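To keep things clear, I will list the structure first and then write my remarks on it.
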Amino acid sequence: VQFVESGGGLVQAGGSLRLSCAASGRTFSHYAMGWFRQAPGKEREFVARISGSGANTYYEDSVKGRFTISRDNAKNTVYLQMNSLKPEDTAVYYCAAAASRFGSQLVDTYPYWGQGTQVTVSS
């Protein structure tokens, strides 16, 4: 499984970014996808996940109402729309494929990872 992530960058607080993660080498729709992030000096943390069909989504509390995860199985791509960005959202963002259709918020349940994309939010 390989991923190509894109969409990161530098944005002012209150701005928006959309991250994309294109996958190859796997039956994409059979597996949940997640987004995680890791800030300097901190552990990697869960941000959002989406089931294989796209019908179920789940968010970490601090991003609820601001971030939206979605997927296009025809394009083997998962997205993370990030609105109302805050400086504390600054991190490297990673997409990951779960080992099941529904996934979880646990890092160890995702065996496949993208290379990460930097998101920096200035105050």
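The values are calculated or read from the model by the stated rules, or taken from the named source; none is laboratory data. Fair warning: this is a prediction, and the values are worked out from it, not measured in the lab. Methodologically, a virtual Cβ is constructed for each residue, glycine included, from the backbone with ideal geometry; neighbour enumeration extends over all protein chains shown. Note: accessible area is taken over every heavy atom of the protein model, side chains too, but ligands, DNA and RNA are not part of it. Shrake-Rupley method; radii C 1.70, N 1.55, O 1.52, S 1.80 Å.
For the peptides 1-14, 33-46, the ranking by mean Cβ contacts within 10 Å, running from highest to lowest, is 33-46, 1-14. Look at where the Cα atoms of segment 103-117 and of segment 1-73 average out, and the two centres are 10 Å apart. Put a dot 7 Å past the Cα of GLN118, heading toward its Cβ, do the same for GLN12, and the two dots end up 2.1 nm apart. When DSSP beta bridges are restricted to pairs lying wholly in the chain, around 90% turn out antiparallel. Calculated accessible area for the chain comes out at 50 Å² per residue, all protein chains present (probe 1.4 Å; ligands, DNA, RNA ignored).
Computed over protein heavy atoms with a 1.4 Å probe, the carbon and sulfur contribution to the accessible area of segment 1-100 reaches 45%. Remark: segment 85-93, residue by residue, has Karplus-estimated 3J(HN,Hα) of 5, 10, x, 6, 7, 4, 4, 8, 9 Hz, where x stands for each Gly or Pro and the curve is 6.51 cos²θ - 1.76 cosθ + 1.60 at θ = phi - 60°.
The simple Förster model, with R0 at 22 Å and r as the Cβ-Cβ distance, assigns ALA39 and LEU106 a FRET efficiency of 0.75.
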